[in-house]
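Participant: Please find one structure pasted underneath; my questions will follow.
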Amino acid sequence: MKLNTLSNNIMSRFLIATLLSLLIYLTANSQGAETKNDAAIEKEEDYYRMFSMPVPEHVILEVGGLATLPDGGLAACTRRGEVWIISNPYVTGFERPIFKRFAHGLHEPLGLAVKDGDIYITQRSELTRLRDSDKDGIADSYDKVYSWPLSGNYHEYSYGPLFLPNGNMLVTLNLGWSNSLGHGVSLAPWRGWLLEITPDGKMTPIAAGLRSPAGYGFNPEGDVFYTENQGDWVGSGRMTHLEKGDFAGNAEGLKWSSLPGSPVKLKPEDIPSTGRPLYDVAKEVQGLKAPAIWLPHGIFGISTSGFVYDSTKGKFGPFENQLLVGDQGQSKIMRVALEKIKGEYQGVVFAFREGFSSGILRLTWGNDGSLFAGMTSRGWSSTGQQLYSIQRLAWTGKIPFEMKTVRAMPDGFEIEYTMPVDTALARNPDSYKVTGFNYKYHSTYGSPVINSKQCPVRGVVVSKDGLKARLVVDSLRLGYIHEIIAEGVKAANGKPLLHHTGYYTLNAIPDGEKLNIVFAAPKHDHASMSKPVEKKPVPPKVAATSAPKTLAKRTTKKPAAWGAPDHTITMGTKPGLKFSLEQFQVKAGSKVQVVFNNNDDMLHNFVVVLPGSAIQVGETAMKLGLKGEEKNYVPDTPKVLFHTNILQPHTSESIFFIAPDKPGDYTYVCTIPGHFYSMQGTMKVVK
């Protein structure tokens, strides 16, 4: 019996091993075929890979702050008021990290720092030091360093601290929000300010004009920058260099500028809401600071969060000293390269890595040169669908073909690449496209793109080593963002650019010699370029599922022949990117009025689409790029049936339409990037 059992076990193991070998062989050959077919397709994961950290079921890790400990472990504070120490966070294989709760009972801490064995966190109303005196891994004392008043407004978040070289700490205070006014409010002293606090609890106000300063930190030179989110007075996400006495643009916090110690003397009434570009207004309002970097909304700037600079000395790839900036709404990281011209910071932002599992709020370096991202999405929905997560991003060792940086020149821009280019393609002006644009500076929430204008590329000179291309560009404007597309450029080895677009904010033009070269008009090799462009026929609408021709997709006045609508639906919003109604029901072919009230603190729209197409329509809207807000994030597709425009907070719009003739579950969705994954409901059409 024992021999037979042993024999059977050996045979079973042999069969399993054979099957595994066959599976590995088939998988390898399948992957090989995919590699051959997709050899030209560059993917971000080929260069930077993500590793998700296993989190115990009892730990609700909605990360508010994240810091690396001297031993390589992590300290993480959560929006639920806990602090966790995570040992062995560099998980590989079957190993798992170890979680130990260090502190609890805190008030939504949204920042954390480690200093001399203590952990400092910023709660809603207090900067607190946590100390483990008996070294048992649990905080024994929760000591107040400094506190500030609260009004009780839900939007009064507080962030930090950031330690300065002198041992003092910086803290930033978020504005509150008023639904009745539809904009941010500073209901308690110093809301909307950057504060400096000494270890013994003395406070000095540093800068004003902040709205939602979720991320701030140093560049390699030790200067302080902060990131801002779109909102009132903020046309798009941006990054600003802050010095003592600066006013960063939001007028609400200026009501405290008359308090003792304020280095800012501007008053709210000193700030004009004209809709002109912020850079132009800053030339007239002393103390107003123009951003160093704009992050175009819907492309990068949905909800800009924490950032770090690459201090790994090559362990993270070819972007040493550049900034890596998180985005909470789009669950991704951007890459920023700064330069200082005539005393003004400016520079370029590129896409870097997307696809994180939740909304990125905090970034910190591991001791192996990998990058940890701490995430949360509760109340702030994100493209990453998990409620919370920690992921580690590691460089694979392969160099991507990228625009490493862009520098301003006296007559245009110089692009530096990570590897030598195909010279013939790189020196052809047709390989590039440059467009200048801006945003309105006004008290209204957000801004569409304004003053968009093409900037002709007159010629290109490529360096002998093939690593740089100098573009001579016309029509550049100070204070404007310049979209630089280099889609036609390839590496000398034939690789396409991993990301072919950068956005350069131009605050100053350097002095120096301009290229004194007469550039010949580029020769076009494609005969088709001289032919007239044929217009493709527009596909007909499907009558069974779209509105009659008598009504447009957005009809805001009740048709004269209607009489009373068959159905009047009043739709609002709820916190956490939700519609107030999860569903409503109408009869097929009936007359419908939808009154959409945006009672949230951010922009929304209301779009009815064909069954099962909400995500596809939302992703198409996200690809509209600079034209997104201009088109109200409603793409031109027959899948869109009816829609409102984008609504400002605390505004409303009514639309009228004929319900589809075909019964079914039609989705309504907010198509603003970052919203459409969760902000959905169902219009049930019945016979």
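The values are calculated or read from the model by the stated rules, or taken from the named source; none is laboratory data. Small disclaimer: the values here were computed from a predicted structure and weren't measured. Because the Cβ atoms are built from the backbone with ideal geometry, glycine has one as well, and the counts that use them run over all protein chains shown.
Participant: Pull up segment 58-108, narrow it to residues that are free of Cβ contacts under 8 Å to residues at least 24 places away in the same chain and of a type in the set (A, V, I, L, M, F, W, C), then point me to the one that is farthest from G160 (Cα to Cα).
Facilitator: F94
Participant: Out of D661, D601, report the one residue that is over 25 Å from Q230 (Cβ atoms) and touching a residue at least 40 places away in the same chain (Cβ under 8 Å).
Facilitator: D661
Participant: Of everything in segment 596-613, what is more than 19 Å from the chain's Cα centre (by Cα) and under 22 Å from T444 (Cα atoms)? Give them in sequence order. Reasoning before the result, please.
Facilitator: Pass one, segment 596-613, residues more than 19 Å from the chain's Cα centre (by Cα): 596-600, 605-613.
Within segment 596-613, F596, N597, N598, N599, D600, N605, F606 meet the criteria.
Participant: So which strands (runs of 3 or more DSSP E) stay within segment 328-422 end to end and still have 2 or more residues that are in contact with a strand residue (DSSP E or B) (Cβ under 7 Å, 6 or more places away or on another chain) and free of Cβ contacts under 8 Å to residues at least 40 places away in the same chain?
Facilitator: Fully inside segment 328-422 and qualifying: 332-341.
Participant: Which of (1) on the phi > 0 side of the Ramachandran plot; (2) modelled with pLDDT of 95 or more; (3) surrounded by fewer than 24 Cβ atoms within 10 Å (Cβ to Cβ) does G379 not meet, given it meets every other one?
Facilitator: Condition (2) is where G379 drops out.
Participant: Let me ask you something else. Condition check: in contact (Cβ under 8 Å) with a residue 24 or more places away in the chain, out of contact with any Asp or Glu (no Cβ under 7 Å at 6 or more places or on another chain) and in a loop (DSSP other than H, G, I, E, B). Does G466 satisfy that?
Facilitator: yes
Participant: Restricting to segment 614-649, and then to whatever is more than 24 Å from the chain's Cα centre (by Cα) and part of a loop (DSSP other than H, G, I, E, B), can you tell me which residue is surrounded by the most Cβ atoms within 10 Å (Cβ to Cβ)?
Facilitator: Looking at residues that are more than 24 Å from the chain's Cα centre (by Cα) and part of a loop (DSSP other than H, G, I, E, B), I get T644.
Listed here are the residues, each with its yes/no results for (1) surrounded by fewer than 23 Cβ atoms within 10 Å (Cβ to Cβ); (2) without any contact (Cβ under 8 Å) to a residue 40 or more places away in the chain; (3) farther than 22 Å from L361 by Cα.
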| residue | (1), (2), (3) |
| --- | --- |
| G253 | no, no, yes |
| S258 | yes, yes, yes |
| K267 | yes, yes, yes |
| E284 | yes, yes, yes |
| P291 | no, no, no |
| V308 | yes, no, no |
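Participant: Answer yes or no: is there a residue in segment 118-125 that is free of Cβ contacts under 8 Å to residues at least 60 places away in the same chain, assigned to a loop (DSSP other than H, G, I, E, B) and acidic (D, E).
Facilitator: no
Participant: Then there is this: Of the conditions (1) closer than 30 Å to P277 by Cα; (2) without any contact (Cβ under 8 Å) to a residue 12 or more places away in the chain, S475 clears all except one; give me its number.
Facilitator: For S475, the exception is condition (2).
Participant: Scan segment 393-401 and give yes if some residue there is surrounded by fewer than 23 Cβ atoms within 10 Å (Cβ to Cβ), among the charged types (D, E, K, R) and touching a Leu at 6+ places or on another chain (Cβ under 8 Å), otherwise no.
Facilitator: No.
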